[in-house]
Each structure stands twice: as structure tokens, then as C-alpha cells.
1. Quick one: which residue in 58, 101 is in contact with a helix residue (DSSP H, G or I) (Cβ under 7 Å, 6 or more places away or on another chain), part of a helix (DSSP H, G or I), at pLDDT below 85 and surrounded by 21 or more Cβ atoms within 10 Å (Cβ to Cβ)?
2. Which members of region 195-228 meet the condition of being farther than 17 Å from residue 262 by Cα and outside any helix (DSSP H, G or I)?
3. Do we find that residue 221 is more than 13 Å from the chain's Cα centre (by Cα) and without any contact (Cβ under 8 Å) to a residue 24 or more places away in the chain in this structure?
4. Could you please tell me which pairs satisfy a Cβ distance under 6 Å, a separation of 6+ or placement on different chains, a first residue in region 70-93 that is more than 13 Å from residue 191 (Cα to Cα), and a second residue that is modelled with pLDDT of 85 or more?
5. Applying the selection to region 10-37, what residues are part of a helix (DSSP H, G or I) and more than 16 Å from residue 250 (Cβ to Cβ)?
6. Suppose the filter is in a helix (DSSP H, G or I), under 22 Å from residue 82 (Cβ atoms) and either out of contact with any strand residue (DSSP E or B) (no Cβ under 6 Å at 6 or more places or on another chain) or at pLDDT below 85 (or both); does residue 131 pass it?
7. Counting only residues that are without any contact (Cβ under 8 Å) to a residue 40 or more places away in the chain and either surrounded by 15 or more Cβ atoms within 10 Å (Cβ to Cβ) or assigned to a helix (DSSP H, G or I) (or both), how many does region 166-191 have?
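The values are calculated or read from the model by the stated rules, or taken from the named source; none is laboratory data. Keep in mind it's a predicted model, so treat the numbers as computed, not measured. Here the Cβ positions follow ideal geometry from the backbone for every residue, glycine too, while neighbour counts run over all protein chains shown.
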């Protein structure tokens, strides 16, 4: 661990850490923004389903010798569209779609894993290796992040209504079908990209934990969206610092910072309630 009072400067003097920090912050903004709608629509496990599907895509890329992130994006898109298709066919049992796609992703990944000779490369996607970001992935993160921010701003009112009551939003004239399609595609893209950063196994945590923290302190939809992004950035920076200085996996450290923060916030809120009572 570097000594002295310039730990941040020491970390940032490495180009790979500067790139990792930029990519991490962008994803830490994009993923929770998607997560707000996911959580409020009670589809928190969709991140798990898509992350498991992305594992199969990563293996496809490794087996066919092309960028595994491209494979993850392709399979995640297919999985996301399949979830939306199944949800429409079983509206009363919408959660079935997530369970089915999770099972399919795990099954396919288990089969393909038997054909992969270099398991070490695959493990870097399971638990995250943000310092291994390629130029292509860096560009994709920038593009997808700004797409998500743009969609969130343009469709803010529609997403607000859909998050709380999709049927009422549809009756009020909001084109929920198209918005769900756009949202589904963006979710698949950001989950597959984030698999490199925090790992496919725990990418859903980055989607849910910042939103949960923001629900503890936020008092409006706008506050929840903003706080989610802020919490995500904080978790990312703190997690990357822990990863760099303590030599632990970036994905695990990012998630654990989030869990500790959530516990602290809930304890503080509980104490405040007792004091007011």
C-alpha cells in the first residue's frame, strides 16, 4: 500500500487506473439510473437474469475468438427481449420471465464452460477486472452511458409514471411498449458492459444497492434518481481505491462498500426515528 498523503495522486499516476476510474464513474451513473426504474417496477432480479445470460455470451466470445463483451451484449440483448416477450404472454406471472431467462443463461453457460480451455480469462469477467478495459469497451461505455442519460432526460415523465403504474401510464397515452423496448435494450447493454467492471456475478448489485440507499434518504422520484447516481459514484471510487491499495477484486470491493453504506444508512434512519418518537 502506498504511503504518504498523496494516495489518490499515486493511484492516478497510472494510465490504466485513470481509464478504470473514468469507466467506473460512467457506469456508476448509468447502471443506477437504469436501476431506479427496475427497482420501482419490482423487477430487481432482472439484473441477475441478464448478468447470467451475459456469462453465456462471454463464453461464446472466448470460444469463437472475438471480444467477449460483444458476445455478452448479443446474448444479453436476446435475453432482455425474451424477458419482455414472456412478460407480455404471462402478465399475471411476470416474474416467471426472469426465472426462465436466469435458468437458461446458467444452463447455457454451464454447457459452454466445458469447452473453454482458459478458465482464468473467464474468471476475470465473473468477478470484475476493470483495469483490463480495452479501447473498444471504453468507447462503448461512453456511448451507452450518454444514451442512458439522454433517454432518462427525454423520457423522464414517462418513466416516472411507468415506474409506479404501467397500466395507468398506458391509459394516459404513454407509448409504454416502445419505451419498454428501448429501456430493455439499454439495460442489456449496460449490464453486459458492467460485467467487465464489477463482474457478471455481482453486476446486479450495482443496479440495486445504490437505488436502495437512495430510497432510504430520498423523498421524491427526482431525489431517488440523483442520489442513486451519487451513491453509485461513491461506491465505485471507494471500491476502486480499496482494490488498488489492498489488492482485492474491484467488483467485490465496490459491492461491499455499498452494503456497508446501506447498513449504516438504515441504522442512522432507525436511530433518528427512535429519537423523533
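1. 58 is the lone residue from the list that is in contact with a helix residue (DSSP H, G or I) (Cβ under 7 Å, 6 or more places away or on another chain), part of a helix (DSSP H, G or I), at pLDDT below 85 and surrounded by 21 or more Cβ atoms within 10 Å (Cβ to Cβ).
2. Listed by number, the residues that qualify are 198, 199, 200, 201, 220.
3. Working: more than 13 Å from the chain's Cα centre (by Cα): yes; without any contact (Cβ under 8 Å) to a residue 24 or more places away in the chain: no.
Against the criterion (more than 13 Å from the chain's Cα centre (by Cα) and without any contact (Cβ under 8 Å) to a residue 24 or more places away in the chain), residue 221 does not qualify.
4. Between residues of region 70-93 that are more than 13 Å from residue 191 (Cα to Cα) and residues that are modelled with pLDDT of 85 or more, the close pairs are 82/101; 83/101.
5. Keep residues of region 10-37 that are part of a helix (DSSP H, G or I), which gives 10-12, 15-37.
Answer for region 10-37, where residues must be part of a helix (DSSP H, G or I) and more than 16 Å from residue 250 (Cβ to Cβ): 10, 15, 29, 30, 32, 33, 34, 35, 36, 37.
6. No; evaluated as a whole, the condition is false for this residue.
7. 11
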